[in-house]
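> Before we start, here is the structure in question, set down as structure tokens.
The values are calculated or read from the model by the stated rules, or taken from the named source; none is laboratory data. Since the model is a prediction, treat every value here as computed from it, not as a measurement. Note that we place each Cβ from the backbone using ideal geometry, even for glycine, and neighbour counts take in every protein chain shown. For the accessible areas, the whole protein counts, side chains as well, though only heavy atoms, and no ligand, DNA or RNA atoms are used. Shrake-Rupley method; radii C 1.70, N 1.55, O 1.52, S 1.80 Å.
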Amino acid sequence: MAIYVTRSSMPDINDYIEEIKPIFESRILTNMGPVYKRFQSQLMAYLDVPELSLFANGHLALEMAIQALGLKERGEQLGGGEVITTPFTFVSTTHAIARNNLKPVFCDIRRSDYCIDPDKIEALITDKTVAIIPVHVYGNICDVNKIENIAERHNLKVIYDGAHAFGETYNGVGVGNFGDATMFSFHATKVFNTVEGGAVAFRDKRYGVPLHELKNFGIHGPETITAIGGNAKMDEFRAALGICNLKRMDACIAGRKAAYDRYMQRLSGVDGIVLSQQKPEIDYNYSYFAVYFDKEKFGKSRDDVFAMLKEENIYARKYFYPAINDLKCYRDICTEQTPVAHDVSLNILTLPLYEELDVSDVDRICDIILR
Ligand SMILES: *Cc1c(COP(=O)(O)O)cnc(C)c1O
């Protein structure tokens, strides 16, 4: 049987039916109805964040967070603002910056956890820089203390792309409490899903109204439109699925952890295989298992391993590849050199990992890799 890189978690169908019954009765299908509000308050408790706004997807959540924090406007006042970000991410992060008329400035990553290298940020700051948008890659949490220190000294906003970090804590603090805002994605492929969906967590209450209005066409009242908004509302059915899946998070993470630990056990200490080491201060969600293949030492390249697995009907993912600054739409406008991100994107592979992935399947995958 084929094994794919991920498999969406789903609740028991009867549980979902129970959750959607009230929607059939109320006929309130969307526009921040009662199910939305219930899901929102449950999520705030789960993530331990003071403020949260739900969205139709993670991408628009990030795009609108950038706008709600006034970065688009500030950039325009400066005649073209700049945002320091990472090239080792999913294109969504960079597109969200560019679609706000801001220029992405790529900072290299560090090898230890593939997150933005905080020691390389300051050299990239100019008088046009308005924000830093780092990514918690594979659920590895960025060096939030160093980043916040830099942001404070240079009066910059920080928005984290937390698409991979749902439910994690750093020294016991919910990951959504760092920076000015954190985006989460609830896409079907993520550790927690609402089919499509996303959220912005934030601390400053003042962002609540603009976020709420931007996702609903900028509508302030029946006859007042305050901003050029869009449509990114989470509907009641997706909120209902979120309520169901949230109840299953412990089981979901436990299943992932079992597979993750087995990979660790089988692949640690192999010459030419580099795994990122877990840090005691992070409570992980086990969202991805990424392996860096050093061809010189391992004998096979990342692409060789990808093809060998594919022959056996096992579908790993070259994630993230290519690095964003190697893409046609960014490589000509962004000229910063990021050799680590470039190298990692060429040599890293994320292996199948999901709740029901059996330890025997992990063994099969490892046997092929180690053969
Ligand atoms: C999935 C993902 C996004 C986009 O989220 P969607 O909900 O799919 O719009 C953004 N950034 C990263 C790092 C992601 O993995």
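> Work out the length of the dipole vector of the range 74-138 about its Cα centre, built from +1 on the beta-carbon of each Lys and Arg and -1 on the beta-carbon of each Asp and Glu, and round it to the nearest 20 debye.
On the way: 7 positive and 8 negative charges, 38 e Å.
Computed about the Cα centre, the dipole is about 180 debye.
> Before I look further, what does the range 249-370 give for accessible area per residue, probe 1.4 Å, in whole square angstrom? Before the final figure, lay out each step's value.
Working: 5730 Å² over 122 residues.
Solvent-accessible surface per residue comes out at 47 Å².
> The range 114-209: Rg/Rh from Cα coordinates, Kirkwood Rh?
Result for the range 114-209 is an Rg/Rh of 0.98.
> Shifting gears a bit: In the range 195-319, with Lys and Arg counted as +1 and Asp and Glu as -1 at Cβ, which of these residues, Ala201, Ala227, Ala258, has the Cα nearest the positive end of the dipole, that is, farthest along it?
Farthest along the dipole direction, towards plus: Ala258.
> Let me ask you something else. Applying 1/(1 + (r/R0)^6) with R0 = 22 Å to the Cβ-Cβ distance of Asp363 and Met249, what FRET efficiency is obtained, to the nearest 0.05?
On the way: r = 26 Å, r/R0 = 1.19.
Between Asp363 and Met249 the formula returns 0.25.
> What percent antiparallel are the DSSP beta bridges of the chain, to the nearest 5?
60 percent
> Follow-up. Which value, in Å² and to the nearest 10, is the accessible area of Ile228 when all protein chains are kept and the probe is 1.4 Å?
Accessible area, nearest 10 Å²: 150 Å².
> Leaving out same-chain residues fewer than 8 places away, which aspartates and glutamates sit with a Cα under 18 Å from that of Lys300?
Result set, ordered by chain and number: Asp271, Glu311, Glu312, Asp343, Asp367.
> Between Ile17 and Asn313, how many nm apart are label points set 7 Å from Cα along the C-beta direction?
Calculated label separation equals 3.2 nm.
> Taking the Cα centre of the range 214-371 as origin, work out the dipole magnitude from +1 charges on Lys and Arg Cβ and -1 charges on Asp and Glu Cβ, in debye rounded to 20.
Using only the charged Cβ atoms, the result is roughly 120 debye.
> Calculate the dipole size of the range 142-236 relative to its Cα centre from +1 charges on Lys and Arg beta carbons and -1 charges on Asp and Glu beta carbons; express the result in debye to the nearest 20.
Numbers: 9 positive and 12 negative charges, 39 e Å.
Its charge dipole is roughly 180 debye.
> Next question. Under a point spin-label approximation (7 Å from Cα along Cα-to-Cβ), what is the Asp326-Asp48 distance to one decimal in nm?
The two pseudo-label positions are separated by 3.8 nm.
> How much area per residue is accessible in the range 13-247 when the probe is 1.4 Å and only protein heavy atoms are counted (Å²)?
Here the per-residue accessible area is 40 Å².
> A further question on this structure: For the pair Arg203 and Met10, what calculated FRET efficiency results from E = 1/(1 + (r/R0)^6), where r is the Cβ-Cβ distance and R0 = 41 Å, to the nearest 0.05?
About 0.80, to the nearest 0.05.
> Right, next: For the pair Thr335/Ile225, report the inter-label distance in nm, with labels modelled 7 Å from Cα in the Cβ direction.
Between Thr335 and Ile225, the simple spin-label model gives 4.0 nm.
> When the accessible area of the chain is computed with all protein chains present and a 1.4 Å probe, what percentage of it is carbon and sulfur? Before the final figure, lay out each step's value.
Working: 8200 of 16150 Å².
After summing per-atom areas, the C and S share lands at 51 percent.
> On a C-alpha basis, how far is the centre of the range 36-93 from the centre of the range 212-228 in Å? Whole number, if you could?
17 Å
> Scan the range 193-222 for trypsin sites (Lys or Arg not before Pro) in coil per DSSP, keeping those whose Cβ has at most 14 other Cβ atoms within 10 Å, and list them by number.
In loop regions of the range 193-222 (DSSP not H, G, I, E or B), there are no sparsely surrounded trypsin sites (Lys or Arg not before Pro).
> Find the centroid of the Cα atoms in the range 229-258 and in the range 263-290, then give the distance between the two in whole Å.
25 Å
> Then there is this: Grab the Cα-Cα distance for Leu78 and His154, subtract it from 0.36 nm times how many residues apart they are, and report the gain in nm with one decimal.
25.8 nm
> Ordering Arg331, Arg248 by how much accessible area each has at a 1.4 Å probe, largest first, what is the list?
The most accessible residue leads, giving Arg331, Arg248.
> Here is a further query. When a/c is below 1.5 the answer is rounded, else prolate if a/b is larger than b/c, else oblate, so apply that to the chain with a ≥ b ≥ c taken from the square roots of the Cα gyration tensor eigenvalues.
oblate
> At 1.4 Å probe size, put Thr85, Thr226 in order of accessible surface, largest to smallest.
I get Thr226, Thr85, largest accessible area first.
> Next up: Between Asp271 and Ala123, what FRET efficiency comes out of the Förster formula 1/(1 + (r/R0)^6) with R0 = 30 Å and r the beta carbon distance, rounded to 0.05?
Efficiency, from the Cβ-Cβ distance: 0.30.
> Sticking with this one: Please name whichever of Gln277, Phe306, Leu54 sits farthest to the positive end of the charge dipole of the chain, dipole taken about the Cα centre and charges placed at Cβ: Lys and Arg +1, Asp and Glu -1.
It is Leu54.
> Given the -39500 (n - 2.57) contribution per DSSP H run of 4+ residues, what per-residue ellipticity at 222 nm results for the chain, rounded to the nearest 500 deg cm²/dmol? Numbers along the way, then the final one.
On the way: 14 runs with 142 residues, N = 371.
Rounded to the nearest 500, the figure is -11500 deg cm²/dmol.
> Further question: Using amide H atoms built in the peptide plane, which far-off residues or other-chain residues are under 5 Å from Ile109 H to H?
Under 5 Å from the amide H of Ile109: Asp117, Val340, Ala341.
> Within the range 222-248, what residues put their amide N at less than 16 Å from the label point 7 Å along the Cα-to-Cβ vector of Ser26?
234-244
> Of Lys190, Lys300, Lys157, which has the most accessible area with a 1.4 Å probe, and how do the rest follow in descending order?
Ranking Lys190, Lys300, Lys157 by accessible area, largest first, yields Lys300, Lys157, Lys190.
> What shape does the range 249-370 have by the C-alpha gyration tensor, where a ≥ b ≥ c are the square roots of the eigenvalues, rounded means a/c under 1.5, and otherwise prolate means a/b greater than b/c and oblate the rest?
prolate
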